[in-house]
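The values are calculated or read from the model by the stated rules, or taken from the named source; none is laboratory data. Quick caveat: nothing in here was measured; it's all calculated off a predicted structure. All Cβ positions, even for glycine, are placed from backbone atoms using ideal geometry, and neighbour counts span all protein chains on display.
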């Protein structure tokens, strides 16, 4: 008798499918945010230079090699912090419909005040980063290509805010120069904020308000208005 041919079993479908690209990106982003959260707490406790990558990876519950896959240096962590700050700021502003109808000085005050509130829990860390940014070879330097991505995004956002004021004839056309001027002004405010011993940084906020009121009046077509 002829043997019946054995039927080949169909291979079982794999159950451990690779996550979809969108899901993979979400998981990666969550891991980066968890690492950042842990790192910021350690930076505040031990300082930027006093914190090691081994401490960060241990607290984040990942291998040190995995940490380097996400952030090659502690400066890359700092850059991610400022990237998140910029994204959070833009998202917040676009949800504030009443603020978008406010005068330019009020808009800029709210924007910069929001940034200072974001930095407030990390004041010591910001001071260390500011010092690092003065070093030409640092990734945190305003001239470094690594820091340009979030800086340009911030400047484009500020330019949008100024352009709306230009359309309302609140100020004359300023072009890119206006955005760069606000960016430099913000750096000056942060410098004063870091050295402000007043309760609630009230001196910095007073200077911020006064400078914005004077600045917006100055750039009007009519010139100085008091």
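Some values worked out for this structure:
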read-out: Failed item, numbered, when residue 137 is tested on (1) part of a helix (DSSP H, G or I); (2) free of Cβ contacts under 8 Å to residues at least 60 places away in the same chain; (3) more than 17 Å from the chain's Cα centre (by Cα); (4) more than 19 Å from residue 184 (Cα to Cα); value: (1)
read-out: Unique residue being closer than 16 Å to residue 104 by Cβ and in a helix (DSSP H, G or I) when the list is 119, 177; value: 177
read-out: Hey, residue 104 buried (at least 17 other Cβ atoms within 10 Å of the Cβ) and within 24 Å of residue 138 (Cβ to Cβ) or not; value: no
read-out: Checking residue 148 against (1) assigned to a helix (DSSP H, G or I); (2) under 26 Å from residue 82 (Cα atoms); (3) in contact (Cβ under 8 Å) with a residue 12 or more places away in the chain, the condition it does not meet; value: (3)
read-out: Some residue of the range 166-177 being within 24 Å of the chain's Cα centre (by Cα), under 30 Å from residue 76 (Cβ atoms), loosely packed, with under 11 Cβ neighbours inside 10 Å and free of Cβ contacts under 8 Å to residues at least 24 places away in the same chain; value: no
read-out: Hey, residue 156 farther than 12 Å from residue 108 by Cα, at pLDDT 95 or above and under 18 Å from the mean Cα position of the chain (by Cα) or not; value: yes
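Per-residue answers, yes or no, for (1) loosely packed, with under 13 Cβ neighbours inside 10 Å; (2) under 15 Å from residue 146 (Cα atoms); (3) not assigned by TED's automatic domain parsing to the domain that holds residue 38:
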position: 52; (1), (2), (3): no, no, no
position: 58; (1), (2), (3): no, no, no
position: 61; (1), (2), (3): yes, no, no
position: 67; (1), (2), (3): no, no, no
position: 78; (1), (2), (3): no, yes, yes
position: 81; (1), (2), (3): no, yes, yes
position: 85; (1), (2), (3): no, no, yes
position: 89; (1), (2), (3): no, no, yes
position: 95; (1), (2), (3): yes, no, yes
